[in-house]
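What follows is a set of notes on a single structure, which appears directly below.
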Amino acid sequence: MEKLYTVDDIAKMTSLTTRTIRNYIKDGLLKGRKIGGQWRFTEEDIKMLMDSGTVMKSHIDDVRQDVEDFLDNVYTEYSGNIQICTIVDLYDEQNILKEKYEKLQALWNTEVTKNSNNKNFSWENNEEKARVTLFATPEFLIEALKILQ
């Protein structure tokens with residue numbers, strides 16, 4: 001049976017707000033189905049949303065603002081002792097980049113479920129490279145870099 005995700009699940013996975021997710025549903029950018037009066041989404045539904053240029057542009061702008069806030073010492077979304085902001089550029093074949101993305105996304109989803117201290121994970125991909133931006137604890141970052149290596 002295929003795993004279904006809620007609006008809250010997607011918000012946690014993408015670092016978008018539930019309000020933004022609901023706006024994407026209303027605007028038709030996110031397809032899903034209602035089960036028992038609540039929206040449910042497949043991985044394919046989420047992938048189609050994330051592949052949408054509109055969503056990625058908005059998300060990338062938000063990540064850039066988060067990085068600027070981090071550098072300006074006004075990044076207040078994190079609670080914990082240590083947080084690292086890391087930007088990694090990957091140059092590889094698209095199929096290898098896709099595999100790394102899927103592994104990193106699975107690690108992120110597991111971490112978000114266990115620990116809400118990680119604020120942000122962003123993946124930008126074009127034909128030349130993939131760029132990963134992470135706001136994370138040192139422990140998570142070590143695991144993430146093993147995947148990206």
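Checking residue 8 against (1) modelled with pLDDT of 85 or more; (2) touching a strand residue (DSSP E or B) at 6+ places or on another chain (Cβ under 7 Å), which single condition isn't satisfied?
Status for residue 8: all satisfied but (2).
Under the condition of being outside any loop (DSSP other than H, G, I, E, B) and loosely packed, with under 11 Cβ neighbours inside 10 Å, which residue from the range 9-32 is nearest to the chain's Cα centre (by Cα)?
The extreme case among them is 19.
Scanning the range 94-129 for residues that are open to solvent by 30 Å² or more (accessible area, probe 1.4 Å) and of a type in the set (Ser, Thr, Tyr), which turns out modelled with the highest pLDDT?
Per the stated criteria, the residue is 101.
Test residue 91 against the criterion of being open to solvent by 30 Å² or more (accessible area, probe 1.4 Å), within 18 Å of residue 133 (Cβ to Cβ) and at pLDDT 85 or above, and give yes or no.
For residue 91, the condition - open to solvent by 30 Å² or more (accessible area, probe 1.4 Å), within 18 Å of residue 133 (Cβ to Cβ) and at pLDDT 85 or above - is met.
For the range 41-49, check the following and say yes or no: at least one residue is open to solvent by 50 Å² or more (accessible area, probe 1.4 Å), β-branched (Val, Ile, Thr) and not in a helix (DSSP H, G or I).
no
The values are calculated or read from the model by the stated rules, or taken from the named source; none is laboratory data. Quick caveat, the model's predicted, so the values are computed rather than measured. Positions of Cβ are backbone-derived with ideal geometry, glycine not excepted, and every protein chain shown enters the neighbour counts. Keep in mind that these areas ignore ligands, DNA and RNA; they rest on the heavy atoms of the full protein, side chains included. Shrake-Rupley method; radii C 1.70, N 1.55, O 1.52, S 1.80 Å.
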